[in-house]
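Everything below concerns the one structure shown next.
The values are calculated or read from the model by the stated rules, or taken from the named source; none is laboratory data. Small disclaimer: the values here were computed from a predicted structure and weren't measured. Neighbour counts run over all protein chains shown; Cβ positions are idealised from the backbone, glycine included. Keep in mind that these areas ignore ligands, DNA and RNA; they rest on the heavy atoms of the full protein, side chains included. Shrake-Rupley method; radii C 1.70, N 1.55, O 1.52, S 1.80 Å.
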Amino acid sequence: HLGHAKSICLNFQLAARYGGRCNLRFDDTNPSKESDEYVQSIQRDVRWLGFDWEDRMFFASDYFGKLYDCAVELIEKGVAYVCDLPLEDLREQRGTVTRPGRPSPYRDRNVAENLDLFQRMRAGEFPNGARTLRAKIDMAAGNMILRDPVLYRISHVAHHRTGDAWCIYPTYDFAHGQSDAFENITHSICTLEFEIHRPLYDWFLEHLNIGRPRQIEFARLNLGYTVLSKRRLLQLVEKGVVSGWDDPRMPTLAGVARRGYTPEALRLFCERIGLAKVNARIEFAQLENVLREDLNRCAARAMAVLRPLKLVITNYPEDGEEWLEAVNHPEDPQRGTRQVPFSR
């Protein structure tokens, strides 16, 4: 959607400005919410905006084997353990922002037992939700993300790329930082909601010793009077309120393209609003003004009379006719001219 346009433009343009390269990666760690339809449409949208990742398209699922090995390494180092708590109890034991969490009764399992249980999770011996793999960090941490987060969960769901090869899947938090490291990413540019996750990414990378990509956060695009929630936009599509993701009323890239927006206008808009570390709302009128500016520069001009009123110029020769030259665009001489007839 339009909010993603800011992130896409920022990442690709920053890489181009400093002689770097920008990868396109799909963090497809949740098989129940992934599909090839999204993969193809995102590629179309990024290309429509004018960017190219060449041969550098990756998926978190490309690294499922490596991520599993990373999890085993954390278990062997004694900083990850298999937890049998149901999801509801796990949430309750994490505590609140004012109350520290309580350690899981399974937190002190020995390495051998954790390795055995994790391998059995991988083999598909347990039902969905029966066990999770958690990091052993700090249940009293002020940042609740660090209170023994879940690294792997059991999900007997086929993945759109790996099929039934896996029945346990890494969480996004566990896959993100390592995926950056596997790809030798130097700078990971993301929105502010990931700022509190950065200490967790750094914790994983420090214990795994596989590099340290630098994560930098920026304020996301909040557009006035515009819904930019993927969950709410999905509801409009699924309930048939709109004809699809490319409905011209939708604030998606495919939707605004059908409405007449140009990729040049969106790139200029993202450049104009700039970067900040504080969330702010941008008025929709700013986007419309940038679009008018771009269309004023690039749209061909023509004038037609749909309901003509006959007018006779009595002092002009009856058989006279002149051909006048009219410019196709007043601000762009390269668009040439056209001939217009003039007669009585």
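The angle between the Cα long axis of helix 36-48 and the main principal axis of the chain comes to about 50°, on a 0 to 90 degree scale. For the chain, taking the reciprocal of the average inverse distance between every pair of different Cα atoms yields a Kirkwood hydrodynamic radius of 24.2 Å. Exposed loop sites here mean chymotrypsin sites (Phe, Trp or Tyr not before Pro) with a DSSP loop assignment and at most 14 other beta-carbon atoms within 10 Å; the chain contains its longest site-free run at 19-224.
Give the calculated FRET efficiency between Q119 and I196 to the nearest 0.05, with a Förster radius of 30 Å applied to their Cβ-Cβ distance. Computed FRET efficiency for Q119 and I196 comes out at 0.40. Express the relative contact order of the chain as a whole percentage, based on alpha carbon pairs under 8 Å and six or more residues apart in sequence. With pairs under 8 Å counted, the relative contact order is 15 percent.
Taking a sphere under 12 Å around the Cβ of N289 and counting the other residues whose Cβ falls inside, with K and R at +1 and D and E at -1, yields a net charge of -2.
For segment 121-258, relative contact order (Cα pairs under 8 Å, six or more residues apart, normalised by length) works out to 15 percent. Taking the Cα centre of each part, how many Å lie between segment 298-316 and segment 114-128? Cα centroid to Cα centroid, the span is 79 Å. Rolling a 1.4 angstrom probe over the protein heavy atoms with all chains in place gives segment 170-324 an accessible area of 62 Å² per residue. For K6, the lysines whose Cα comes closer than 20 Å to its Cα, not counting residues fewer than 8 places off in the same chain, are K230, K277.
Averaging sequence separations of C-alpha pairs under 8 Å and six or more residues apart, then dividing by the length of segment 223-344, give the relative contact order as a whole percent. Please report the intermediate quantities before stating the final value.
Details: 115 pairs, mean separation 20.6, N = 122.
Computed over segment 223-344, the figure is 17 percent.
May I ask for the net charge around E54, where only other residues with Cβ less than 13 Å from the Cβ of E54 are counted and Lys, Arg are +1 while Asp, Glu are -1? Provide the component values of the computation, followed by the final result.
Working: positive: R21, R47, R56; negative: D52, D55.
Surrounding charge for E54 is +1.
May I ask you to give the solvent-accessible area per residue for segment 49-142, in square angstrom, as obtained with a 1.4 angstrom probe?
Numbers: 4710 Å² over 94 residues.
With the other protein chains kept in place, segment 49-142 gives 50 Å² per residue.
Modelled spin labels at E331 and A304, positioned 7 Å past Cα toward Cβ, are 2.5 nm from each other. Measuring from each cysteine beta-carbon in the chain, the ones with no other cysteine beta-carbon under 4.7 angstrom are C22, C70, C83, C167, C190, C298.
Taking the Cα centre of the chain as origin, work out the dipole magnitude from +1 charges on Lys and Arg Cβ and -1 charges on Asp and Glu Cβ, in debye rounded to 20. Spell out each step's value before the answer.
Details: 47 positive and 48 negative charges, 163 e Å.
The dipole magnitude comes to about 780 debye.
For the chain, the longest principal axis of the alpha carbon atoms and the long axis of helix 64-76 meet at an angle near 30°.
Longest stretch of the chain clear of exposed loop sites (GluC sites (Glu not before Pro), DSSP loop, at most 13 other Cβ atoms within 10 Å, sites excluded): 126-282.
Would you check the accessible area of L275, probe 1.4 Å, heavy atoms only, in square angstrom rounded to 10? Roll a 1.4 Å probe over it and L275 shows about 110 Å². The figure for R344 is an accessible area of roughly 70 square angstrom, using a 1.4 Å probe on the protein chains alone. With unit charges on the beta carbon (Lys/Arg positive, Asp/Glu negative), name the residue among F64, C83, S104 whose Cα is farthest towards the positive pole of the charge dipole of the chain. Toward the positive end, the furthest listed residue is S104.
What is the percent carbon and sulfur in the accessible area of segment 230-344, measuring with a 1.4 Å probe over the protein chains and ignoring ligands?
Values: 4610 of 8580 Å².
Ligands and nucleic acids excluded, carbon and sulfur reach 54 percent.
Between V312 and A16, what is 0.36 nm times their sequence separation minus the Cα-Cα distance? Round to one decimal in nm. Intermediate values should be presented prior to the final figure.
On the way: separation 296, 0.36 × 296 = 106.56 nm, distance 6.05 nm.
Here the segment from V312 to A16 would lengthen by 100.5 nm.
Ordered by solvent-accessible area of protein heavy atoms (1.4 Å probe), largest first, the residues K33, K277, K136, K310 come out as K310, K33, K277, K136.
Give a quick list of trypsin sites (Lys or Arg not before Pro) in segment 39-105 that DSSP marks as loop, anything other than H, G, I, E or B, with at most 13 other Cβ atoms within 10 Å.
Details: sites: R44, R47, R56, K66, K77, R91, R94; in loops: R56, K77, R94.
Within segment 39-105, the qualifying trypsin sites (Lys or Arg not before Pro) (loop, at most 13 other Cβ atoms within 10 Å) are R56, K77.
Distance from the C-alpha centroid of segment 155-190 to that of segment 54-105: 12 Å, rounded to the whole angstrom. For the chain, the longest principal axis of the Cα atoms and the long axis of helix 111-123 meet at an angle of about 50 degrees. 3J(HN,Hα) along segment 183-191: 8, 6, 5, 8, 10, 10, 9, 8, 7 Hz, from the Karplus curve 6.51 cos²θ - 1.76 cosθ + 1.60 with θ = phi - 60°, whole Hz, x for Gly and Pro.
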